[in-house]
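Enquirer: Following this message is one structure expressed as structure tokens.
The values are calculated or read from the model by the stated rules, or taken from the named source; none is laboratory data. This is a predicted model, so every value here is computed, not measured. Cβ placement follows ideal geometry from the backbone for every residue including glycine, while neighbour counts extend to all protein chains displayed. Calculation scope for accessible area: heavy atoms of the full protein, side chains included, ligands and nucleic acids excluded. Shrake-Rupley method; radii C 1.70, N 1.55, O 1.52, S 1.80 Å.
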Amino acid sequence: MTNQFENNAIRGPINSWLLKVMSTYMHYKFGDIKNAMFKDHPQTVVEIGSGTGENMRYLRKGTHLIAIEPNVHMHESLEKAAEKYGIHLEIRSLIGEAIDLDDESCEFVVSTLVLCTVKDLEECLQQIKRILKPSGKFVFIEHVKARENSVLGMIQNLIHKPWHWCFEGCHTNRDIQPYIESAGFSDLRVETYNLYSPIVPIIPQIRGVAIK
Ligand SMILES: C[S@@+](CC[C@H](N)C(=O)[O-])C[C@H]1O[C@@H](n2cnc3c(N)ncnc32)[C@H](O)[C@@H]1O
């Protein structure tokens with residue numbers, strides 16, 4: 001399957017740089033909740049769309065992180081973050097729709113601010129479910145479509161096209177929760193909330209845990 005990162009010599013490095021610039025702010029906004037959600041993670045964690053390694057600081061030193069990250073412009077920063085946080089990093093330059101891990105081979109899969117961008121969301125969720133062991137956890141934090149007829153929704157729709165181009169396929173207004181609900185997990189806990197910040201299109205969010 002081809003991916004949108006094969007021809008991104010300009011946007012790729014810019015987006016990698018932006019993620020690094022935003023890192024302190026993201027930690028300020030998400031730090032507590034990520035610490036709580038990733039607590040008790042097993043020795044091996046699979047992350048879909050690791051970006052520049054923002055989530056490594058929430059993993060225990062010595063964790064084996066399998067980073068499914070198709071954007072090669074993120075890889076150098078991933079390596080640096082792994083060194084900084086003492087993570088055993090294994091980068092797989094693949095999309096989440098085509099993960100090459102064995103069926104039922106992992107216990108803990110993470111995605112943060114990624115399902116907005118994957119091209120085939122249904123397939124990506126099926127891949128996550130496939131690689132999880134029975135009772136394995138999929139932990140997610142995602143920005144989502146705002147309520148119908150809301151001001152936030154209007155802003156998301158207005159800005160969608162340029163945003164989608166700049167951020168390499170990110171949908172401001174994707175209704176992600178129904179996809180997770182219909183992916184066939186045995187249990188699902190989802191919380192809907194607004195994360196107020198100047199980055200208006202990503203204010204409406206969901207976070208939760210899906211159990212295989
Ligand atoms: C907004 S960044 C988020 C990075 C990181 N998870 C974070 O929270 O900072 C989205 C990341 O998802 C990756 N991505 C986009 N489409 C993907 C796909 N189909 N499979 C796996 N990763 C993907 C991008 O390359 C990018 O690194």
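Enquirer: Go through the range 66-77 and give me each residue that's crowded, with 24+ Cβ neighbours inside 10 Å, closer than 23 Å to Pro42 by Cα and of a type in the set (A, V, I, L, M).
Expert: Within the range 66-77, Ala67, Ile68 qualify.
Enquirer: I need the full set of residues from the range 78-134 which are open to solvent by 70 Å² or more (accessible area, probe 1.4 Å) and either in a strand (DSSP E or B) or near the ligand (Cβ under 8 Å from one of its atoms) (or both), in order please.
Expert: His88, Glu107, Lys119, Lys133, Pro134
Enquirer: Here are the criteria: (1) near the ligand (Cβ under 8 Å from one of its atoms); (2) touching an Asp or Glu at 6+ places or on another chain (Cβ under 7 Å); (3) at pLDDT below 95. Tell me which single one Asn3 does not satisfy.
Expert: (2)
Enquirer: Kindly indicate the residue of the range 98-131 that is in contact with a strand residue (DSSP E or B) (Cβ under 8 Å, 6 or more places away or on another chain) and of a type in the set (Asp, Glu) and also farthest from Asn35 (Cα to Cα) among those meeting that condition.
Expert: Among residues in the range 98-131 that are in contact with a strand residue (DSSP E or B) (Cβ under 8 Å, 6 or more places away or on another chain) and of a type in the set (Asp, Glu), the one farthest from Asn35 (Cα to Cα) is Asp100.
Enquirer: Scan the range 154-164 residue by residue and report those that are touching a helix residue (DSSP H, G or I) at 6+ places or on another chain (Cβ under 7 Å) and polar (S, T, N, Q).
Expert: Scanning the range 154-164 gives a single hit, Gln156.
Enquirer: Just the residues that are without any contact (Cβ under 8 Å) to a residue 60 or more places away in the chain and outside any helix (DSSP H, G or I), please, taken from the range 8-26.
Expert: Across the range 8-26, the qualifying residues are Ala9, Ile10, Met22.
Enquirer: OK, next. Considering only residues that are of a type in the set (Lys, Arg) and more than 13 Å from Leu121 (Cβ to Cβ), which ones fall in the range 155-180?
Expert: If the condition is that a residue be of a type in the set (Lys, Arg) and more than 13 Å from Leu121 (Cβ to Cβ), then Lys161 is the only one that fits.
Enquirer: Could you grab me the full set of residues in the range 165-196 that are assigned to a loop (DSSP other than H, G, I, E, B), touching a helix residue (DSSP H, G or I) at 6+ places or on another chain (Cβ under 6 Å) and of a type in the set (Ser, Thr, Tyr)?
Expert: If the condition is that a residue be assigned to a loop (DSSP other than H, G, I, E, B), touching a helix residue (DSSP H, G or I) at 6+ places or on another chain (Cβ under 6 Å) and of a type in the set (Ser, Thr, Tyr), then Thr172 is the only one that fits.
Enquirer: Sticking with this structure for a sec: From the list Leu152, Leu158, which residue is in a helix (DSSP H, G or I) and surrounded by fewer than 14 Cβ atoms within 10 Å (Cβ to Cβ)?
Expert: Unique residue meeting the criteria: Leu158.
Enquirer: Could you run through the range 185-212 and say how many residues are over 23 Å from Ser23 (Cα atoms) and surrounded by fewer than 12 Cβ atoms within 10 Å (Cβ to Cβ)?
Expert: 4
Enquirer: Looking at (1) more than 19 Å from Lys29 (Cβ to Cβ); (2) within 11 Å of the ligand (Cβ to nearest atom); (3) touching a Ser or Thr at 6+ places or on another chain (Cβ under 7 Å), find the lone condition where Lys212 falls short.
Expert: (2)
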